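Below is one structure, written out as structure tokens; the observations come after it.
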Amino acid sequence: MKKTVLIFGLVLGIVLCINMIYTVNMVRNNADFKGNEVIGYAAMVVVFSLTFFGIRNYRDKQLNGVISLGNAFKTGALIALIGATMYVVAWIFFYYLFVPDFLDKYIAHVLKNVPAADLPAKTKEMQNFKEMYKNPLFMILITYSEVLPVGLVVAFVSSLILKRKIKV
């Protein structure tokens, strides 16, 4: 299982990192960028579909086509955790080394699309977020929360689809 988890987790992490760098650069360099969270999370679901193939590979090649729901979920969760960890580490390096002004541009982008009546409250909310983001632990937790829940949901759904009992 270790080899399968490592290979699929690393591939997943690389694809997540490429997607993150591309998206951050789109937001940062394009003032008129109209990002869509639904599309962003849909892209993550597609990327996390590698988890499905990792579980299936493990089931078919190492377990002779039989896997329990628990073992399948454990495999998928570990793949998702490796990918998410790579994403978090890449974001930390990318943020501090290449885009330290990202939050300023992101906040400006968010505030540009807020109705005038909501602007003071949203401005305060975003400034509080920026202040909390200075804490590396908060930054790590927020970054994990962007991707890991999606990965765990995909791992669970994949496990439900791929579980297979011994044929009698």
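The values are calculated or read from the model by the stated rules, or taken from the named source; none is laboratory data. Every value quoted in this text rests on a predicted model; they were computed, and no experiment measured them. Neighbour counts run over all protein chains shown; Cβ positions are idealised from the backbone, glycine included.
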### Task
Taking the options Y144, Y133, Y96, Y106, name whichever one is at pLDDT 95 or above and within 24 Å of I21 (Cβ to Cβ).
Y144
### Query
Do you know which residues across segment 109-122 are at pLDDT below 85 and part of a helix (DSSP H, G or I)?
H109, V110, K112
### Task
Determine whether segment 100-111 contains at least one residue that is touching a residue at least 60 places away in the same chain (Cβ under 8 Å) and hydrophobic (A, V, I, L, M, F, W, C).
yes
